[in-house]
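Structure record follows, encoded as structure tokens.
The values are calculated or read from the model by the stated rules, or taken from the named source; none is laboratory data. Computed from a prediction, not measured in an experiment: that's the story for all the values here. Quick reminder, even Gly has a Cβ in these numbers, built from the backbone with ideal geometry, and neighbours come from all protein chains shown. Just the protein is used for accessible areas: all its heavy atoms, side chains included, with ligands, DNA and RNA removed. Shrake-Rupley method; radii C 1.70, N 1.55, O 1.52, S 1.80 Å.
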Amino acid sequence: SEGAMRYISFYRGKNEKNKISYIFKISLSILIFSSIISGAILFFYSEFISITLFHNVELMPFLKIFSILVPSSILLSLFLSVLRSYELIGWYSTTANIFQGAIKLILLILLIFIGFKTNAIILSYLVGTIATLFLAYFIIKRYSSSVFGNYILKSSVKKKLNAELLSYSLPLMFSAFLSSIFFWTDTFVIGYFLKISDVGLYNAAIPLAALLLVPADLFVRLFLPLITKEFSRKNMNSINELSKQVSKWIFILDIPLLILLILFPGVFINLFFGKEYLTAESSLRLLAIGSFFLSMSAIPGNLLLMAGKSKIVLVNTIILFFFNLILNIFLVNKYGISGVAFATMLTYILLFIIYMIQSKYFLNIVPVRRKMVNISIIALLIIGFVFYIKQFISINILSLILFGIFFLISYITLIVLTKS
């Protein structure tokens, strides 16, 4: 689906509708075939995965039901990629984030209230995904129906498009596969070497740290198709300027949350998960720093994808996957979940450094503005003040809110005054 998004955006820049339609239909055919096979594999190997990998037989019904969802989820990813390709980000956000989440949440609450208990999770996810798939289909039919149109292309052109799409997509497919495992490496390692309760503790820190990825996610949804379209027109100056500006926006939005998570991790954990999870405080600090660098690596990473450097992205992913896995295994027994979090933090910092070097080497673009130094100094000054008065005030939800309001007002004011 990522390959389809890149080439649909690319040929939109050239206004070649026949190629757009062909790319969509060949992608649809491949994904229907591969997702059915993948779902079948997950269904028949659910017992092995549940017992051998997770030591938890209760996981089996989840995997079997979710295996049925694989084709729906995969097709949904393609439809959402089409929405991004046509820069329909409002509809994309409504479909992927608001509608899907709302349907699942409402159904989950309703089914639990009725008395379904654990099955409520499975059913809400099942219905939510299928409903979102249909909604995405109707939006495409309404606003970008040309992808469903007929195409007239020579056989040689089709072969060339097939070669381009597969050459770009296959490395990304393996990269995405490794990335999905990479995301769960921490959980796998903790679940294997430590207790199931440690997995729960660690998974309280992950979603809080992942909040730092939201700003990058907001911009990248439109950023990648937009710069790909400009790349097809060879407008490198525009891409360079846009990359630096978006990086600065992500930096500005991430810094306040990063600071709050580093200073008050226990308050956030207690607020969202309860005092039983406070053991994960140090893990949250480390994961927050790592997530910040992962968020900042989004722009140089997407510049490589824009340029069609999917093989480079795959090599990066392989190197970092094994680096993270080995470091996790080395640290988990000695330092527990904090050691795993430290390994992940180092991996994300290394990813950021690699992407920045490659962006400079292949495209001569360094997506950083000098004003980001000013923003860092502003943030550090406010941190110093907040950290000083913190010792005189007891930390609770009310004081955290007041700290947050003070920080944001001071932060925004100084950014405006210094023209940063």
Exercise. Which semi-axis lengths, in whole Å and largest first, follow from the square roots of five times the eigenvalues of the Cα gyration tensor of segment 125-250?
Worked result: 35, 23, 19
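To the nearest 0.05, how large is the calculated FRET efficiency for Phe406 and Lys158 if R₀ is 51 Å and r is the Cβ-Cβ distance?
Values: r = 61 Å, r/R0 = 1.19.
After rounding to 0.05, the efficiency reads 0.25.
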Exercise. According to a simple spin-label model (label point 7 Å from Cα along Cα-to-Cβ), what is the distance in nm between Ile114 and His55?
Worked result: 3.6 nm
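With +1 on each Lys and Arg Cβ and -1 on each Asp and Glu Cβ, and nothing else charged, work out how big the dipole of the chain is about its Cα centre, in Debye to the nearest 20. Provide the component values of the computation, followed by the final result.
Details: 34 positive and 14 negative charges, 335 e Å.
The calculated dipole for the chain is roughly 1620 debye.
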For this session: Using 0.36 nm per residue of separation minus the Cα-Cα distance, give me the extension gain between Asn235 and Ser29 in nm, one decimal.
Result: 70.9 nm
For this session: Using a 1.4 Å probe over the heavy atoms of the protein chains, calculate the carbon and sulfur portion of the accessible area of segment 197-314 as a whole percent.
Result: 64 percent
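If you place +1 on the Cβ of every Lys and Arg and -1 on the Cβ of every Asp and Glu, how big does the dipole about the Cα centre of segment 249-397 come out, in debye to the nearest 20?
Working: 10 positive and 3 negative charges, 84 e Å.
Around 400 debye, computed over segment 249-397.
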Seminar exercise, completed: Given a 1.4 Å probe, the accessible area of the chain per residue, as a whole number of Å², is 51 Å²
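Which percent of the accessible area of segment 134-189 is formed by carbon and sulfur heavy atoms (probe 1.4 angstrom)? Write down the numbers at each step before the final one.
Numbers: 2330 of 3430 Å².
So the carbon and sulfur contribution to the accessible surface is 68 percent.
Using a Förster distance of 30 Å, how high is the FRET efficiency between Lys195 and Leu381, based on the Cβ-Cβ distance and rounded to 0.05?
Values: r = 42 Å, r/R0 = 1.41.
Computed FRET efficiency for Lys195 and Leu381: 0.10.
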Exercise. Out of Ile109, Leu80, Leu213, whose Cα points farthest toward the positive end of the dipole of the chain (charges: +1 Lys, Arg; -1 Asp, Glu; placed on Cβ)?
Worked result: Leu80
Problem set entry | Residue (of Pro265, Leu314, Ile337) at the positive-pole extreme of segment 253-348, dipole from beta-carbon charges | Leu314
Exercise. Can you give the convex hull volume per residue for the Cα atoms of the chain, as a whole number of Å³?
Worked result: 158 Å³
Exercise. If you put +1 on each Lys and Arg Cβ and -1 on each Asp and Glu Cβ, how big is the dipole of segment 78-230 around its Cα centre, in Debye rounded to 20?
Worked result: 580 debye
